[in-house]
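Computed from the coordinates by the stated procedures, all read-outs in this text should not be read as laboratory data. This structure is a prediction, so every number in the text was calculated from the model and none was measured. Neighbour counts are summed over all protein chains in view; Cβ atoms, including those assigned to glycine, are modelled from backbone coordinates with ideal geometry.
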Amino acid sequence: MDKSRGTASTSLLSRNVEIEGEVLGEENLHVDGSIKGRIKLSGNLYVGASGTVEADVEATNVVIQGKIIGNVSAEQQLEIQPSGKLIGDCTAASIDIREGAVFDGRSSMKRPPAAASKAVPIQAGGKKSNDTKKA
């Protein structure tokens, strides 16, 4: 995933910094340190190789090289790279788990809202409900 997608700026939590509590924001966040609590971003979350997150996470895209312990909800893509670990459930429109990555949890795919509205129920006999007979 291209980290530059999404919002223009990125905040960095460096290796020797630890945060306990709730992290909310409208930009991207790169974590090389430690966060415990909850993360809710309208941008992207990138957990570097030295990063540790013990939190439930909501973001547009999530890339994991380090470790996340908690549930992850990515609006678009979740990517667990070979050095990455996710211990928790995840939901995303696209999930990419690379060879060597660790994932212990359940996954579910988000469906685009348009896909649900295009579904046409099938009636008995295999006909679509909007089929009409002409006399």
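A compact table of results
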{"read-out": "Projected label distance in nm at residue 9 and residue 76, using a 7 Å step from Cα toward the beta-carbon", "value": "2.0"}
{"read-out": "Cβ-defined net charge surrounding residue 101, 14 Å radius [Lys, Arg +1; Asp, Glu -1]", "value": "-1"}
{"read-out": "Net charge, residue 91 excluded, C-beta distance under 10 Å - Lys, Arg +1, Asp, Glu -1", "value": "-1"}
{"read-out": "Partner aspartates and glutamates for residue 40 [C-alpha distance under 19 Å; skip if fewer than 8 residues away on the same chain]", "value": "18, 20, 22, 26, 27, 32, 54, 56, 58, 75, 79, 89"}
{"read-out": "3J(HN,Hα) from dihedral phi, region 75-88, Karplus parametrisation 6.51/-1.76/1.60, rounded to Hz, x for glycine, proline", "value": "4, 10, 10, 10, 10, 10, 7, x, 8, x, 9, 10, 10, x"}
{"read-out": "Cβ-based net charge around residue 67, under 15 Å, with every Lys or Arg adding one and every Asp or Glu removing one", "value": "-2"}
{"read-out": "GluC sites (Glu not before Pro) within region 1-84: DSSP coil, no more than 15 neighbouring Cβ in 10 Å", "value": "26, 27"}
{"read-out": "Modelled label reach - residue 83, point 7 Å along Cα→Cβ, region 35-73 residues with backbone N closer than 14 Å", "value": "47-52, 64-68"}
{"read-out": "Relative packing of 38-46, 93-101, which averages over residues the other C-beta atoms within 10 Å, highest first", "value": "38-46, 93-101"}
